[in-house]
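See structure below.
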Amino acid sequence: ELDGLVRILLTLHDPAPRAYELAEAHLIDEGLRLEQLRSGCDRYPLDTSLRRRYVRAVWAAGEGVEQLLQLVNAMTDAPNAAPEDLWQGVEIASDLGQRELALALAQRLAAGSPLEEQVPLALVEADLHVAAGLVDVAASIYRSLIESIDGAGAEERAIALRAANALLAVAQDGAEAVNAT
C-alpha cells in the first residue's frame, strides 16, 4: 500500500523533496527507486540529503564502480558538500578499496571539523593507513592520540584504549613480518 501511495505522490506536479525520500524507503522496485531518487536529485540539486540517499542507493544496488566513484566525487566536491557527504564518501571509497580517496576525504573532514571531532577522525585516518599498509604512519598517529588524551572523560579513555590496542596490533604485525623473513 505504501508503494502505491508513494507512486501517486511522485506523479503529482512538482513533488516535494520529501516524496523522493519516501520513494527510497517505500518503493519496492529497486530500479524505480533509483530512477526516482535520481529524478529528485535532478529536480533539487542543492538538496544534500537527497544526493546522499541517491548515492547510498546506487552503492547498495551494486552499480558499477566507475559510476559510483563519479557520484562520490561529485557529491564530495559539490560547493554545498556537508560533512555527512564526506563521511559517506569515506565509507564508500573504503568499501571499494579506494584507500587514497578514503584517506583524502577523511583528512578533509577532519580539517573542517570542530576540535572534539578531530580525535575520533584521527582514529579513522590511522585505520585507513593500516589498511593501505602504511603501518609506520598509522603507529605515529596512534602514539600521538595516546599522548594527547588527558583521560578525563570516558570517551577520551575509550579512544586512548582503542589507539593503544591498534598500536599494539600494528607492532605485533610488524614483529611477525620481521620474524617471517
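The values are calculated or read from the model by the stated rules, or taken from the named source; none is laboratory data. A quick note: this is a predicted structure, and the numbers were derived from the prediction, not measured. Reconstructed Cβ throughout: ideal geometry from the backbone, glycine too, with neighbour counts over all protein chains shown. The protein model used for the area step is the full one, side chains on, heavy atoms only, and it has no ligands, DNA or RNA in it. Shrake-Rupley method; radii C 1.70, N 1.55, O 1.52, S 1.80 Å.
Accessible area per residue for segment 1-121, computed on protein heavy atoms with a 1.4 Å probe, is 55 Å². Calculated from the structure at hand, semi-axes √(5λ) of the Cα gyration tensor in Å is found among [x] 37, 17, 14; [y] 40, 18, 14; [z] 23, 19, 17 as [y].
Helix by helix, which DSSP H runs in the chain go 27 Å or more along their axis at the Cα atoms and have an average Kyte-Doolittle hydropathy of -1.0 or more? If you can, show how the numbers build up before the last one.
Working: long enough: 154-180 (39 Å, 0.38).
TM-like helix candidates: 154-180.
Counting only protein heavy atoms and using a 1.4 Å probe, the accessible area of Y44 comes to about 60 Å². For the chain, a Gaussian network of Cα nodes joined below 10 Å ranks H26, H129, H13 by mean-square fluctuation, and the top entry is H13.
When the accessible area of segment 17-99 is split by element with a 1.4 Å probe, what percent falls to carbon and sulfur? Present the calculation step by step, with values, prior to reporting the outcome.
Numbers: 2020 of 4150 Å².
Here it works out to 49 percent.
Each Lys and Arg contributes +1 and each Asp and Glu -1, all at the Cβ; summed about the Cα centre of the chain, the dipole is approximately 180 debye. By the compact-protein rule of thumb, 2.2 N^0.38 Å, the alpha-carbon radius of gyration of segment 102-154 corresponds to a ratio of 1.13.
Could you grab the relative contact order for segment 1-120? Cα pairs under 8 Å, six or more apart, rounded to a whole percent.
Numbers: 105 pairs, mean separation 17.8, N = 120.
Relative contact order comes out at 15 percent.
Treat every Asp and Glu Cβ in segment 67-150 as -1 and every Lys and Arg Cβ as +1, leave all other atoms uncharged, and give the resulting dipole magnitude about the Cα centre to the nearest 20 debye. Don't jump to the answer; show the numbers that get you there.
Working: 3 positive and 13 negative charges, 43 e Å.
Dipole size: approximately 200 debye.
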